[in-house]
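Report on one structure; see the data block that follows.
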Amino acid sequence: MKKSRFTEEQMTGFIKQAEAGIPVKEICRKGGFSDATFYKWRATYGGMDVPDARRLRELEGENAKLKKLLAEAHLDMHALNSAFGVKR
């Protein structure tokens, strides 16, 4: 997963500024990111506080690791089955 140059605090801060009434175009111009990035952040982190956003990112990383382990286990099982000639 690509590392963002913005922290969770900054992302949620930008979202809170928009909720306070500052135009999104102005927030994006000052922050140096696109409107699409802002709306993606809002879809992901909207309504969250900083600890919630951090926990979400940790869970996403853990989920990616578990998916990788599961894929490797299935690959090993498939290799063993094909090596011993087991038909399915």
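If each residue of separation counts as 0.36 nm, what is the full-extension length gain between ALA20 and GLU60 once their alpha-carbon separation is subtracted? All intermediate terms of the calculation are to be shown ahead of the outcome.
Numbers: separation 40, 0.36 × 40 = 14.40 nm, distance 2.87 nm.
Separation in residues times 0.36 nm, less the Cα-Cα distance, equals 11.5 nm.
Multiplying the residue separation of LEU80 and SER4 by 0.36 nm and removing their Cα-Cα distance gives an extension gain of 23.4 nm.
Based on DSSP H assignment, which helices of the chain show an axial Cα extent of at least 18 Å together with a mean Kyte-Doolittle hydropathy greater than or equal to -1.0?
On the way: long enough: 50-83 (50 Å, -0.56).
Result, helices passing both filters: 50-83.
So which of LYS40/LYS68; LYS3/LYS68; LYS30/LYS68; LYS40/LYS67 end up more than 30 Å apart by C-alpha? Listed pairs above 30 Å: LYS30/LYS68.
Out of the chymotrypsin sites (Phe, Trp or Tyr not before Pro) in the stretch 13-88, which ones are loop residues according to DSSP with at most 16 other C-beta atoms within 10 Å?
Numbers: sites: PHE14, PHE33, PHE38, TYR39, TRP41, TYR45, PHE84; in loops: PHE33, PHE84.
Of the chymotrypsin sites (Phe, Trp or Tyr not before Pro), the ones in loops of the stretch 13-88 whose Cβ has at most 16 other Cβ atoms within 10 Å are PHE84.
Debye-formula intensities of the chain, expressed as log10 I(q)/I(0) at q = 0.11, 0.12, 0.25 Å⁻¹, are -0.47, -0.52, -1.21 (one equal scatterer per alpha-carbon, no solvent). Over all other residues within a Cβ to Cβ distance under 15 Å of MET48, the charged ones net out to -1, with Lys and Arg as +1 and Asp and Glu as -1. Across ARG57, ARG42, ARG29, mean-square fluctuation computed from a Gaussian network of the chain (C-alpha pairs under 10 Å connected) peaks at ARG29.
Relative contact order for the stretch 8-83 using alpha-carbon pairs under 8 Å, separation at least 6, rounded to a whole percent?
Working: 26 pairs, mean separation 24.1, N = 76.
Once normalised by length, the contact order is 32 percent.
When the Cα positions of GLN17, ASN63, VAL50 are compared along the charge dipole of the stretch 8-83, GLN17 comes out farthest toward the positive end, with charges on each C-beta of Lys, Arg, Asp and Glu.
No value in this document is a laboratory result; all are computed from the given coordinates. Bear in mind that the values here come from a model prediction, so they are computed numbers and not experimental data. Because the Cβ atoms are built from the backbone with ideal geometry, glycine has one as well, and the counts that use them run over all protein chains shown.
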